[in-house]
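Report on the structure given below.
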Amino acid sequence: MIKYKENTDHRSRLLAGLATVLESKTLAELYADDIVRAAGVSKRTFYQHFKNKQECFLALYEENSAYIVETLLEATSADESFNIIEQIERGAEAYLGAMQAQAPLMKRLYIDILALGSEGLAARRRVIGMFAKIITDMYGKEQQRQPALPDIPEVMLTGIIAGLNELILYRIEDGKADDLIELASTTREIMMGSIQLLLSQGKQR
């Protein structure tokens, strides 16, 4: 589950309250009253931390994304001897499994963020940047093992992450948020296909 739910400070309780409400209501349907009721705090406390429900949603989106990233990092760095292919295999299952474990919430985060205009787009780009760094770091460690490897092109990196993000969104829109782990093999194939292309180029040098 999301680790911030273990905290007792008001901001964390508000985010946990919103996460609970989003399991049964869309962002458009809910009100600040719903959030404070679920969080067990006052409405005054809510406005001390967030100016509106949209700002609270964006904070939840980014904190939940950070949790998913942490889960992914734990899986891919569990053993320093893992090569990049092994990291991809373990990372794909950990990443999708963490999202599937909170399927109702992930459905709302993935869909409702699209309705927040430029702020939602900026938040999505920040999250994409977090995942891009993970792939870049994974590949950088592989380059240390194999110095002949070419740098990973930024357009390829963006394509990998954007493609996986849309694949997950389609799955969620099709009502299959509770079966995301089924995308693990496809996720591995997409990432490994691109990485193996670079690995083969490195061997030809």
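The values are calculated or read from the model by the stated rules, or taken from the named source; none is laboratory data. Note that the coordinates shown come from a computational prediction; the quantities given were computed from them, not determined experimentally. Cβ: placed from backbone, ideal geometry, glycine included. Neighbour counts: every protein chain shown.
Scanning the stretch 34-50 for residues that are in contact with a helix residue (DSSP H, G or I) (Cβ under 6 Å, 6 or more places away or on another chain) and either of a type in the set (S, T, N, Q) or assigned to a helix (DSSP H, G or I) (or both) yields 34, 35, 36, 38, 39, 43, 45, 46, 49. Restricting the first member to the stretch 79-105 and to residues that are farther than 17 Å from residue 161 by Cα, and the second to residues that are buried (at least 17 other Cβ atoms within 10 Å of the Cβ) and small (Gly, Ala, Ser), the beta-carbon pairs closer than 6 Å and six or more apart or on different chains are 103/177; 105/19.
Residues being of a type in the set (Ser, Thr, Tyr), at pLDDT 90 or above, crowded, with 17+ Cβ neighbours inside 10 Å and within 27 Å of residue 192 (Cα to Cα) are represented in the stretch 110-124 by at least one member. Of the numbered criteria (1) at negative phi; (2) without any contact (Cβ under 8 Å) to a residue 40 or more places away in the chain; (3) of a type in the set (Gly, Ala, Ser), the one residue 66 fails is (2). Residues in the stretch 144-156 include none that are within 17 Å of the chain's Cα centre (by Cα), part of a helix (DSSP H, G or I) and either in contact (Cβ under 8 Å) with a residue 40 or more places away in the chain or surrounded by fewer than 17 Cβ atoms within 10 Å (Cβ to Cβ) (or both).
Yes or no: residue 101 under 17 Å from the mean Cα position of the chain (by Cα), closer than 17 Å to residue 185 by Cβ and surrounded by fewer than 22 Cβ atoms within 10 Å (Cβ to Cβ)? Explain how you work it out, then say what you get.
Details: under 17 Å from the mean Cα position of the chain (by Cα): yes; closer than 17 Å to residue 185 by Cβ: no; surrounded by fewer than 22 Cβ atoms within 10 Å (Cβ to Cβ): yes.
Answer is no for this residue.
So that you can scan it fast, the table gives a plain yes or no per residue for (1) closer than 18 Å to residue 123 by Cβ; (2) touching a helix residue (DSSP H, G or I) at 6+ places or on another chain (Cβ under 8 Å):
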{"site": "52", "(1), (2)": "yes, yes"}
{"site": "60", "(1), (2)": "yes, yes"}
{"site": "80", "(1), (2)": "no, no"}
{"site": "84", "(1), (2)": "no, yes"}
{"site": "90", "(1), (2)": "no, yes"}
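Quick check on this structure: which one of 110, 139 is closer than 18 Å to residue 57 by Cβ, hydroxyl-bearing (Ser, Thr, Tyr), assigned to a helix (DSSP H, G or I) and touching a Leu at 6+ places or on another chain (Cβ under 9 Å)?
Going through 110, 139 in turn, the sole match is 110.
Which count do you get for residues in the stretch 10-54 that are surrounded by fewer than 16 Cβ atoms within 10 Å (Cβ to Cβ), basic (Lys, Arg) and within 18 Å of residue 116 (Cβ to Cβ)? Adding up the residues that qualify gives 2.
Would you confirm, using the coordinates I've provided, whether residue 176 is among the basic types (Lys, Arg) and surrounded by fewer than 15 Cβ atoms within 10 Å (Cβ to Cβ)?
no
Pairs linking a residue in the stretch 23-37 that is within 12 Å of residue 108 (Cα to Cα) to a residue that is polar (S, T, N, Q) and in a helix (DSSP H, G or I), with Cβ atoms under 8 Å and 6 or more positions apart or on different chains, are 27/54.
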